[in-house]
Every structure is written in structure tokens, then in C-alpha cells.
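Engineer: If you scroll down you'll find the structure; I have some questions about it.
The values are calculated or read from the model by the stated rules, or taken from the named source; none is laboratory data. This structure is a prediction, so every number in the text was calculated from the model and none was measured. Here the Cβ is made from the backbone with ideal geometry for all residues, glycine too, and neighbour counts use every protein chain on show. Side chains included, ligands, DNA and RNA excluded: accessible areas come from the protein's heavy atoms. Shrake-Rupley method; radii C 1.70, N 1.55, O 1.52, S 1.80 Å.
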Amino acid sequence: MFNNMPGYEQGPIRPPSEANSLLVRLTRNCPWNRCLFCPVYKGEKFSRRSLDEIKGDIVKIEKAVEKISNISEAGGFGGEVNRQVAAQVQSEHPDLFQVAFWLYRGGENVFLQDGDSIQLPVGQLVEILGLLTEKVPSIKRVTTYARSKTLLRRSVEDLTRLKKAGLSRIHVGMESGSDEVLEYMNKGVTGVQQIDAGQRVKAAGLSLSEYIILGLGGEQWWREHALDSAEALNKINPDFIRMRTLAAPKSSPLYEKVRQGEFKLLSDDDTIREEKLFIENLQGIESTFYSDHILNLLEDVNGKLPEDKQKMLEVIDRYLSMSSEDRERFCLGRRTGYYRTMDDMQDESSSRQVERSYQQLLNKGVSVDSYIKDLMLRFI
Ligand code: SF4
């Protein structure tokens, strides 16, 4: 049977920015697993993998790198993993393909899975990081997810040890800085705790990526969500702020609350107004801001703070200044994949397709907003 699996264990997710990273699994699932909006590990039990299992995977990766290098040498490519070598590995050794593809994309970045690797004792993490960089010397960046609550159980000294051992960056799902929102969503952490956790990561000299979910306050707390999240980030000054947009798929506990009308999702327009308020209130920080997720309506709200703040707000104002019909057309085009940015509305062929769908919805009396909310669930 054709086997494209790597021969070592992998978890289900990684941040989009780690698309070219090698995945090394340290734990399985999420130790908290109660956030209302999160569908990822529901029904799965958290466990720590043993040090021996993890070391075994690292040795398998080392051997895969050696074997791929030999294939390259034999093909006259001097150990370089180019397109031909990757293709040869894919057809002759499919179990090595993921490592070959990783080497082809540079072989430098590693992401430690799953949702909260810092759960492992610091001594074990130091050992794992040391082994990784010893066995695979091409590695230059190692990143992982961590919960703020878990980070609070680690001192700045602990985190500094991890940095010295080779950890480069921690991705934290802050989601919101608002206590009302965090409590309703059962995030298991307060705004102040998120600030403390983020500040510890920064004090240890680690790079920090904080995620915020637009729309997480719904209609009730959108203002608190925007203002308190901005305030928390202002106190942390993370290296990266990455935006996500809320959807409530059936597999998330939030779905039932939306269906029963208890939680009211924001429309696309209100989500963008919330984003505007949020960005306006980011002050005194030097973070790089990314909207690098398919669920974000305005993917081109990106930049370095503070210098690009105005440019980012102009993208939002450009959207808000369109007529309500054109905003609906853009949302429809974006959610159906015809548009990535507002500039794509100038493309005749794409806009013809969007117009056809738009008119069909109008003729059927279907609300564009509710149609779009359904479409968004398909991206989860
Ligand atoms: S902590 Fe993260 S992975 Fe765990 S349930 Fe919450 S959002 Fe999901």
C-alpha cells in the first residue's frame, strides 16, 4: 500500500506560519480542551509522550535526513535536496517524503506539537531541544504552542533555559484580553494572567506570537474585546500579533449557543469595525501584525507597528467606505475564493462570477450575511 506517513508520530495542527516546519510531537492534544470556540481536540484525551518515544522519533528523523542525503549524493547532487531529489524520494520512499520536502524547503524550522508542549518538565524539554539540534544540525528555529496558564508555572529562568537550549518562539492563543470574553469562552485564564505569561516569554528573550480572534466577544462584548485585547498586547509588546476570525463549527461547543441565540456572532461589517477599534488602540508597541488566515476578511491588514498602523487602518476604511452592496459583494467573493483582496474586485472575470452568485442569492431572498456565515464553517 502507498504510505506517505513519515514513520514517526504527528499531531493534527500547526500555525499557518509553520507550514514549512518539520513537525515533532511532544504531547498529544490539549490539557485544557474546554474553550467553547475550539473544535480541535474535542473528545481527545491529553497525554505527554515519553522521553524515549520522542527521542526515538528524533533518531528516525536523523536517519531519514541521512538517507535522503545519500540519495542526493548518488544522483550527483552533492547532498542537496532539490526538486528532483524530492520527487525521487516521493516515488521510491514515500515514508521519507515529509522530511525530504522539509529539507527541500530549507530544513531549518521545527514546530513542536501539540497544543501545549511547555507541559513537559523543563529538564526534558532541554534534553529534547539539545538532541534535535545535535542530530539535525540544519535546524535554526524551533517553535511551539503554549497556554498562558502553563507559562505561569514556568519562571523567567526556566524559559531562559529553554531559549538557551534552542527554543526560538512561543505561539500563544491569547484570543482576547477581556475577562468577560475569556470567562464566557471558558478559556481558563484571565486577562492579567495572559499579560503576565506574555511578559515572561519576552523577559526570557524568546520570540512571542500572540493570536487574537476577531468576533470572539460577539455582539455583547465586541467593544470590551477590542479595547482590552489591545491593552493587554500593549503591555506585552509581542513580536507578532496574528489575527483569526471566529467561526462556530458544529464540532465546537459554541455552535449550540449560537444556534439557540445565546451568543450572537458579529456580521462581517461589525467584525471589521471591531478590528478597526482594536488596531486604533494598539499603542507603544513594535509588533508585526499579520492577518494570515483564510477566515480573515481583510487579509491585507498587515504591517509593522507603529509605522504601518495608518496604512492598516486605511485598508479597513477602504472597505467600510464601500456601499453596503459592494461590501456584500466583496464578502461573497472573498468567502467563495474569487477575491483575496479588494483590488481583485477590478478583475472582470472574477467579479462577473461573484455578481452571478450575488444576484442568485438576491433572487432567492437569501441573506448574504447568513449565507457567508455558513460558508465560513467550511474553512474550519
Ligand atoms: S487551550 Fe487552545 S487547544 Fe486547548 S481548547 Fe483552548 S483553544 Fe483549543
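Engineer: Under 19 Å from a label point 7 Å along Cα→Cβ of GLU280: give me every residue in region 223-253 with its amide N that close.
Structural biologist: Counting only backbone N, you get 223-234.
Engineer: I would also like to ask the following. Can you give the Rg to Rh ratio for the chain, taking only C-alpha atoms and Rh from Kirkwood?
Structural biologist: 1.00
Engineer: Report the Cys residues of the chain lacking a disulfide-compatible partner, meaning no second Cys Cβ under 4.7 Å from their Cβ.
Structural biologist: Within the chain, the cysteines lacking a partner Cβ under 4.7 Å are CYS30, CYS331.
Engineer: Also, quick follow-up: Show which lysines lie in cross-link reach of LYS187 when reach means a straight Cα distance below 27 angstrom and same-chain residues fewer than eight apart are skipped.
Structural biologist: Reachable lysines: LYS42, LYS45, LYS149, LYS163, LYS202, LYS235, LYS250, LYS257, LYS264, LYS276, LYS373.
Engineer: Please give the per residue accessible area of region 193-339, computed with a probe of 1.4 Å over protein heavy atoms only, in Å². Mind showing how you got there, number by number?
Structural biologist: Values: 5720 Å² over 147 residues.
About 39 Å² of surface per residue is accessible.
Engineer: Starting from the Cα of LYS63, draw a straight line to each of the lysines and keep only those under 16 Å, dropping any in the same chain fewer than 8 residues away.
Structural biologist: Straight-line reach from LYS63, under 16 Å: LYS55, LYS135.
Engineer: Given Cα pairs under 8 Å that are at least 6 residues apart, what percent is the relative contact order of region 210-344?
Structural biologist: Numbers: 183 pairs, mean separation 32.3, N = 135.
Over region 210-344, the number comes to 24 percent.
Engineer: Set the Förster distance to 41 Å, then compute FRET efficiency between LYS364 and ASP300 from the Cβ-Cβ distance, nearest 0.05.
Structural biologist: Numbers: r = 31 Å, r/R0 = 0.76.
It comes out at approximately 0.85.
Engineer: I would also like to ask the following. Return a whole-number percent for the relative contact order of region 291-379, with Cα pairs under 8 Å and 6 or more residues apart as the contact set. Show your work: numbers first, answer last.
Structural biologist: Numbers: 70 pairs, mean separation 21.4, N = 89.
For region 291-379, the relative contact order is 24 percent.
Engineer: In whole percent, and with a 1.4 Å probe on the protein chains, what portion of the accessible area of region 319-372 is carbon and sulfur?
Structural biologist: Numbers: 1260 of 3030 Å².
Here carbon and sulfur together make up 41 percent of the probe-accessible area.
Engineer: Kirkwood hydrodynamic radius, computed over distinct alpha-carbon pairs, for region 98-143: how many Å, to one decimal?
Structural biologist: So the Kirkwood estimate lands at 11.5 Å.
Engineer: Evaluate the relative contact order of the chain (contact order divided by residue number), counting alpha-carbon pairs under 8 angstrom at least 6 apart; express in whole percent. Mind dumping the intermediate values first?
Structural biologist: On the way: 653 pairs, mean separation 47.9, N = 380.
Relative contact order, the chain: 13 percent.
Engineer: Moving to a separate point now. Of the peptides 171-183, 219-231, how do they stack up when ordered by the mean number of other Cβ atoms within 10 Å, highest first? Present the calculation step by step, with values, prior to reporting the outcome.
Structural biologist: Values: 171-183: 22.5, 219-231: 20.0.
Packing order, densest peptide first, comes out as 171-183, 219-231.
Engineer: Rounded if a/c is under 1.5, else prolate if a/b beats b/c, else oblate: with a ≥ b ≥ c from the C-alpha gyration tensor eigenvalues square-rooted, which is region 199-253? Don't jump to the answer; show the numbers that get you there.
Structural biologist: On the way: a/c = 3.18, a/b = 1.71, b/c = 1.86.
Oblate shape, in that a/c is at least 1.5 and b/c is the bigger or equal ratio.
Engineer: If the chain between ARG48 and ASP292 were fully stretched, how many nm would it gain, using 0.36 nm times the residue separation less the Cα-Cα distance? Walk me through the numbers on the way to the answer.
Structural biologist: Values: separation 244, 0.36 × 244 = 87.84 nm, distance 2.99 nm.
Difference between extended and current length: 84.9 nm.
Engineer: If you take the charge dipole of region 40-185 about its Cα centre, with +1 on Lys and Arg Cβ and -1 on Asp and Glu Cβ, which of SER176, GLN90, VAL126 is farthest toward its positive end?
Structural biologist: VAL126
Engineer: Shifting gears a bit: Taking a ≥ b ≥ c as the square roots of the Cα gyration tensor eigenvalues, with a/c under 1.5 meaning rounded and otherwise prolate when a/b beats b/c, else oblate, which class fits region 191-321? Before the final figure, lay out each step's value.
Structural biologist: Working: a/c = 1.95, a/b = 1.29, b/c = 1.51.
Note, shape of region 191-321 comes out oblate.
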